[in-house]
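The values are calculated or read from the model by the stated rules, or taken from the named source; none is laboratory data. Since this is a predicted model, take the numbers as computed values, not measurements. All Cβ positions, glycine included, derive from the backbone under ideal geometry; neighbour counts span all protein chains shown. The protein model used for the area step is the full one, side chains on, heavy atoms only, and it has no ligands, DNA or RNA in it. Shrake-Rupley method; radii C 1.70, N 1.55, O 1.52, S 1.80 Å.
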Amino acid sequence: MAHDTAPTANTRLFRPGYEGHNQISARTLGFWLYMLSDALLFTALFAAYAVLDTPMNAAGGPIASQIVNPVEGFWQTIAILGSVTSYSLATVAMKNGNRGGTALGIVAAIALAVVFLAFGVNDLTTLAAHGDGMDRSGYLSAYFVLILTHAIHMGIGILWMLVMLVQIPRYGFNEMVVARMLNLRMFWQFQATVWVCVYVYVYMIGA
Amino acid sequence: MAGSHSDPLAHPEVRQGSAVRYIAGFISTVVLMGAALVVTMRHGLDYQSLVEVVGGLAALALLSQAALFYGLDISRAQIWKGVSLILTVPLFIITVGLTVWMFQSLDQRTMVMPASNAAASQPTLLQ
Amino acid sequence: MRLKSYLTLLPVLALGACSSGDYRLFHPINAIATQEWHATIVDTVVMLLIILPVLLAIAIFGWRYRANANAAYDPDWSHNTVLELLVWGVPFVIVAGLGLYSVKTIYAIEPYKPGLLQKQASTDPQSVLNVDVINTDWQWVFIYPDQHIATIDELEVPKGSIVKMRLTSTSVSNDIYIPQLAPMIAVMPGMRTLDTFDAPALGEYTGFAADFSGAGFSWMQFATHIVSQDDFNTWVHKAASSPNQLSYAAFQKVAQPHVNVGAKVSYFSNPDPQLFNKVVAAAQAGVVYPVSSALTKSIGSNEK
Amino acid sequence: MQLQVPGPWSLLLGRLTLDQIPYTNPILQVTFAVAALIGLVIVGAVLYYKKVGYLWREWLTTVDHKKIGVMYIIVGLVMLFRGFADGLLIRTQQVLANGPHAAGYIGATHGFLPPFHFDQVYSAHGTIMILFAATPILTGFQNIVVPLQIGARDMAFPYMNAVSLWLTTAAAVLVMISLFVGDFSQAGWVGLIPLTELPYSPGVGVDYWMWAIQISSVGTTLNAINMIVTIVDMRAPGMTWFRMPVFSWTTLSTNIIGLTAFPVLGVALALLGADRYLGTHFFTAGMGGNLMLYTNLFWIWGHPEVYFLILPTFGVLSEVIPAFSQKPLFGYVTMVAATFAIAGISWLVWLHHFFTMGAGPDINGFFSVATMLVGIPTGVKVFNWMFTLYRGRITYTVPMLWAMFGLFLLLVGGLTGMMLAIPAINYTVHDSVFVIAHFHCMVLMVVCAGFAGVTYWFPKLFGFKLNECWGKAFFWTFAVGTVTVFTAMFALGFEGETRRLDWTFNTAWKPMLVVEEVGMIIYVLSLALFAVMLVVSIRDRNKQKLAADPWETSRTLEWLTPTPIPFYNYAVTPQVNTRDELAWRRKYGMEHTKPDAYEDIHMPSNSGLPVILGALAGIWGFAMIWRIWWLAAISLLGVVLIVIIRSFDKNAGYHLQPAEIEAMERDLSIGAITAEQPDRSHHIITHAEAH
């Protein structure tokens, strides 16, 4: 025992009334860790995309520069960042205990997210309609799955927001609702972070 | 285990939310991405420089999000998020970096075929 | 305890000694395999320099300080800066040494361009024998592009040559391996790998598939003969007179999933000179050789 | 976009037809009969003793980390037994099917297993042992020990802990179902690509393998989050980072690996799934796929996974060796540093699993040296354990014997691992049984540390020790079996035998194959002794009255709780004053000091939702495997609904009153409560819920 010291009169063996950890902090830390895990998931997808983004892996099908449109991607960037900012502002309203403002921010976030998804879905269906679906080549497989994985995350976020729109009027800002609002804020901001990586790596460097 | 019975809205992570910061996060990311878009659409750079410039702008955008959106700092409420992020970032780099390095070499050695240079396609020992 | 473990080892070791000739890795034939075997010895000896004293110390401490031995007891001793630096330092030195050695040997035996064989290859380029190897489900097809012959499950090379194999597969991945001669290397569809070895001594060696590839995997052996140049010429002549010719169409029949029970050898004359490249290109274009459902059934056996 | 799969498909049952049930296979008939018999006995016993309610209330719906841990270990032991049976089949097939003229039995041309059946057996063996035996057992230990060791009442997220358990269990059940409905993967536990693609594995075997791993890895990821938050957030007052026991440190590092590595496995398998279900071309040889990409992604997870298994067992050794040497662990700080060094380096070495891919000497050189670096911190650990023995007072209890043998296996595994790290040697033994022998030394080191942990912590949980005499008999037969099998296997590696052979063509291998088989028979004997040990120990359970610290030499906080541990762990949260807190309290005669007064404790309520969630995940997996789309849709919807329903659940647990705690502590101290009478604690719960 490197730090062995004899007990004194002041040595305590028990700590009655110890509050332990804070629920909200534990939940946000746990959710943050989940997001790091999710980030590794996207890392693996990016690694796969990097390997499959060669003319050879296009197998005669289109390559990145033929299918991506950085300008359209910029509108998507504005939409998703707008959505993230609206949601974040909703949590500022929550800080002030303003239920109506919170709900308004969430609704705006959902609307902008739908705009973002509409662009993406339109892109993918157009490609598929031209016979360049995800089963066309290794490159297109990587492209579709990367975009779709992000879109599925967005869909889950929208579902989560709808649940919050029910829970806020029902329970008010209790501990659980606040913890969920904070976690959703991280989740939603994370989608913008991933999108920045997708936009730069797929839409710009690929262009 | 009793947990905090205090007002959940008093939690530091609720308090740290700030409209100014979020709007600044929005503007900074849009401006940086806009700059990257302009660089890309001008097509004035070779591939290597494009990767460097656009990648640099993206790194700035990610940093601004870390500070302005996630509000990461070294306060007690945020310290473990920051620590875990710093521990994880090398894994992103290792995973993508080593994979790309490995497959560049592998493609050269196994995929790039001498098929195009006709029948005399036997590799020489000193190739 | 450790003593008892070793006692149980004795019969095993005795058994091993009886049949030591079967320890193929202990009897390398050519320069490549010898280098690999030397690396094994060097690594083992260096590692034992540290592992044996540790084992011994554990045994001594374990015996000396057993509870009822009344040996010195130091209930608080748990830290010693010098020792702790040493326990990092000693493994570091060993790893550094072995790491350097490892990198050096990689270049010596690198299957694409072994440093050990570069001298012979540049002074005597005539001694290089090219062989294209195609792995099918579940046979090995060897094409001798310069001799215009092909074989199934038999690799024959003249003594003194350097054998340069190009490898690919029609269907799934595999590894090729000739224990005393050629290092393992992956064989992959749509890709081309290389494996190089020298053939300094006459003899017959077994080569086989090393990575699982489906129901017929256990039957994927091929005989490897190192013969004199005269015998090799005779053998080439024999194969060249085979009535079977290996066009791409004929090859597609050969490549159908088939368990070659007993590794029966076949010869072909006039293989398509572009056969290897055509196989790679076909795999890249998505050609597959699906396995019949009869070969993926648990019930009953079907390989005969 | 659904891909055409061979064979019939119907809207109602997907690919499932009566032919898919291998009822004509005699081996499976026997297996099914035995499994059905065991199942009937268990169900019958539960019904006969009217334990259905007890089972549901006390176990299936529990959120108590100790019970969850015990259930993890039970799942792991059941799967360990199944995996061992597979291992026995593999060895027996190889010894019977040796040489060109080896006879065939039960319809096989050689040995007694037709190739496709053998291929499933070895694939199942690997998958089960690594993901469904070793992982749950170690997760179980972490669940039981870590909250106790850091002085917490439970995990940070008790409900999510139960979800993790039931997801893992659902996945294990899927693997077991594959025995009797359809077949399992033939393509190895690593999923050899492109063998796992539809043209070469048209059946449902790969799908079973893939979905089972996916579901269990979600459970593992959730558990990793839970563990990390528990350790970061819930340490008792005074437990600074450098007072934390080494097992908790290794749990932290191993779960950091779990958290970050498993998503990569998830992606590898999901992309394979996209190939098989949606017709993409990620890993196909043609159409622009890259099959080595799968191998790459798989091993990015696969190598950290090795340390995910090994690190917690290093933690067990670091608890057991000091406890039975009656000394603190030598070099605590360097031990922690070495743990994190191993975890960090584990991300840099994955290519050594495919040195023979042909990636080039520079890349092979980088990964070779990186792999060797792992040897440095591992060496440090061995030295530290060695110096812990020095000037100790060593008692050779059963846990100590297991720990010492584990140390021996670690040294053998380290020696051979260093060989495999050198490509020049790797080229000769890669994919040979030498590799198998090497990683079995490592995995058996995990198993030995596992048995050390079981015997060490068993009395803490259940209030009685496992029988020492039978425990030693079990240990010695197991150790002798291990040495016999794997010495012979190393020898076979040098003879050039490659792995996964259903027909061992070289007659020269016969002597060693026979030695291996003898070793397997010794293993069977050791398992029988294990069963005897359990039966005898349970029979004699009331003969001993155990104090809080039954070994009397343990050093860490978990031994401060009464034996058996009450469901609330600590009546009053302890204050930690030093590293090895219990040893310190013992030294100054304070280990029996009780708190002056009790106060109410907030406890989470049990919930039936996790087990339903697990069942739905299992059904979803089954539906996806058989392509029963309607069932998959319904069960997925069910999972989403349960998550949402749970978020509306306002049940915030209940409070235990000081008087009840005092009564319970008193009963525990006089031995009135034993592990088999948890009904009393349940009585207190229901009583308390009225408040």
For chain C, what proportion of DSSP beta bridges, expressed in % and rounded to the nearest 5, is antiparallel?
65
Counting helices only, and only those DSSP H runs with n ≥ 4, report the 222 nm mean residue ellipticity of chain D as the sum of -39,500 (n - 2.57) divided by its residues, in deg cm²/dmol to the nearest 500.
-21500 deg cm²/dmol
Sorted list, accessible surface of protein heavy atoms, 1.4 Å probe, largest first, for A:Glu72, D:Glu599 is D:Glu599, A:Glu72
I'd like the FRET efficiency for D:Tyr23 and C:Ser293, computed as 1/(1 + (r/R0)^6) with the beta carbon distance as r and R0 of 22 Å, rounded to 0.05.
0.75
Would you mind giving the total buried accessible surface between chains C and D, with a 1.4 Å probe and ligands, DNA and RNA left out, rounded to the nearest 100 Å²?
9400
Run the helix sum for chain C: -39,500 (n - 2.57) per DSSP H stretch of 4+ residues, divided by residue count, reported at 222 nm to the nearest 500 deg cm²/dmol.
-12500 deg cm²/dmol
Choose one answer from A:Met154, A:Met164, A:Met176: the residue with the largest mean-square fluctuation in a GNM of chain A with alpha-carbon springs under 10 Å.
A:Met176
Output row, site C:Thr44, 7 Å Cα→C-beta label point, backbone N cut-off 20 Å, window the range D:465-502, residues D:483-499
Simple spin-label model, 7 Å along Cα-to-Cβ: D:Thr31 to C:Lys238 in nm?
4.6
Among A:Phe119, A:Ser137, A:Met154, whose Cα projects farthest towards the positive end of the dipole of the range A:18-205, with charges put on the beta-carbon of Lys, Arg (+1) and Asp, Glu (-1)?
A:Met154
Using protein heavy atoms only (no ligands, DNA or RNA), what is the total accessible area buried between B and A, 1.4 Å probe, nearest 100 Å²?
4600
Between D:Leu636 and D:Val41, what's the calculated FRET efficiency when r is the beta-carbon distance and R0 is 25 Å? Round to 0.05.
0.10
Accessible area in square angstrom per residue, the range C:124-288, 1.4 angstrom probe:
29
Using a 1.4 Å probe on the heavy atoms of the protein chains only, list every residue of the range C:207-229 that has 30 Å² or more less accessible area in the complete assembly than in its chain alone.
C:Phe208, C:Ala210, C:Asp211, C:Phe212, C:Ala215, C:Phe217, C:Ser218, C:Trp219, C:Gln221
Using only the alpha-carbon atoms of the range D:515-633, report the extent along each of the three principal axes, biggest first, to the nearest angstrom.
65, 51, 31
With every protein chain left in place, what is the accessible area per residue of the range D:1-93 in square angstrom, probe 1.4 Å?
58
Could I have the simple spin-label model distance between C:Asp231 and D:Trp56, label points 7 Å from Cα toward Cβ, reported in nm to one decimal?
7.9
Going by the alpha-carbon gyration tensor, a ≥ b ≥ c the square roots of its eigenvalues, is the range D:98-242 rounded (a/c under 1.5) or, if a/c is not under 1.5, prolate (a/b greater than b/c) versus oblate?
prolate
Reduction of at least 50 Å² in accessible surface, 1.4 Å probe, comparing all protein chains with the chain by itself, residues of the range A:167-205:
A:Tyr171, A:Arg185, A:Gln189, A:Thr193, A:Val196, A:Val200, A:Met204, A:Ile205
Given A:Asn96, A:Ser37, A:Gln66, which one lies farthest toward the positive end of the charge dipole of the range A:1-107, if we put +1 on the Cβ of every Lys and Arg and -1 on the Cβ of every Asp and Glu?
A:Asn96
At a 1.4 Å probe, which residues in the range D:1-49 are at least 10 Å² less accessible with all protein chains present than in their chain isolated?
D:Met1, D:Pro22, D:Thr24, D:Asn25
Treating the beta-carbon of each Lys and Arg as +1 and of each Asp and Glu as -1, no other charges, what is the dipole magnitude of the protein assembly as shown about its Cα centre, to the nearest 20 debye?
2360
How much accessible area per residue does the range A:18-205 have, in Å², with a 1.4 Å probe?
31
If R0 is 56 Å, what FRET efficiency do you get for D:Ile106 and D:Tyr588 from their C-beta distance, rounded to 0.05?
0.25
Filter the cross-link list D:Lys67/D:Lys327; C:Lys119/C:Lys164; D:Lys460/D:Lys543; C:Lys238/C:Lys264; D:Lys472/D:Lys543 down to pairs whose alpha-carbon distance in this structure exceeds 25 Å.
D:Lys67/D:Lys327
With axes computed from alpha carbons, what is the tilt in degrees of helix A:99-129 against the longest principal axis of chain A, rounded to the nearest 10 within 0 to 90?
30
Kindly work out what percent of the DSSP beta bridges joining two residues of the protein assembly as shown are antiparallel, to the nearest 5.
65
Buried solvent-accessible surface, both chains (D, A), 1.4 Å probe, Å² to nearest 100:
4500
Within a Cβ distance under 12 Å of B:Arg15, other residues only, what is the Lys/Arg minus Asp/Glu net charge?
-1
Simple spin-label model, 7 Å along Cα-to-Cβ: B:Leu63 to D:Thr507 in nm?
7.3
Solvent-accessible area, 1.4 Å probe, carbon plus sulfur percent, for the protein assembly as shown:
68
Most mobile of C:Val54, C:Val133, C:Val172 per a Gaussian network model of chain C (Cα springs, under 10 Å)?
C:Val54
Which of C:Val82, C:Val163, C:Val261 ends up with the largest GNM mean-square fluctuation for chain C, with Cα atoms connected below 10 Å?
C:Val82
